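The values are calculated or read from the model by the stated rules, or taken from the named source; none is laboratory data. Predicted, not measured: the structure shown is a model, and the values here were computed from it. Every residue, glycine as well, gets a Cβ built from its backbone with ideal geometry; the counts of neighbours run over all protein chains shown.
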Amino acid sequence: MGNDDQQPPALPTTLTVDGETFTITARPDGGYHYVWLTGRNEGYGFSSSRTHTVGNPDAPTLVLTLQQHEDSIRDFLAMIDPDTGYIE
C-alpha cells in the first residue's frame with residue numbers, strides 16, 4: 001500500500017477494484033455514493049453516510065482515504081449474488 005492509498009481522492013472519481021469500476025461522488029450529507037459502472041444492473045451501487053454525534057448536524061464531513069473507498073467497494077462486492085448482480 002502506497003502513500004496515495006492513505007490520501008482522500010478528489011471527487012468525483014472513478015476507481016477500479018478487483019476488476020470492477022465504480023464512480024464515487026460526494027453526497028450532500030457528507031457521505032459518498034458509489035455507482036457500479038461495470039455491474040450488470042445499470043445505475044446500481046450503494047451509498048454511505050457520514051456519522052456524527054446525535055444533535056450535531058454540523059459535525060465534520062467523513063473523509064475516506066483511497067484505501068477505505070476500496071475496502072467499502074470490496075465489502076459491497078462480497079455481498080453481490082452472482083446470479084442476479086444484486087445484493088443477496
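Could you check, for segment 70-86, whether at least one of its residues is part of a loop (DSSP other than H, G, I, E, B), among the small types (Gly, Ala, Ser) and modelled with pLDDT under 95? No, segment 70-86 contains no residue that is part of a loop (DSSP other than H, G, I, E, B), among the small types (Gly, Ala, Ser) and modelled with pLDDT under 95.
Of everything in segment 19-38 that's in a strand (DSSP E or B) and hydroxyl-bearing (Ser, Thr, Tyr), which residue is surrounded by the most Cβ atoms within 10 Å (Cβ to Cβ)? Looking at residues that are in a strand (DSSP E or B) and hydroxyl-bearing (Ser, Thr, Tyr), I get TYR32. In the set (1) modelled with pLDDT under 85; (2) surrounded by 11 or more Cβ atoms within 10 Å (Cβ to Cβ), ASN3 fails one condition alone, (2).
Whenever a residue of segment 32-51 is under 15 Å from PRO12 (Cβ atoms), its partners that are outside any loop (DSSP other than H, G, I, E, B) and among the charged types (D, E, K, R), lying with C-beta atoms within less than 7 angstrom and at least six residues away or across chains, give the pairs TRP36/GLU20.
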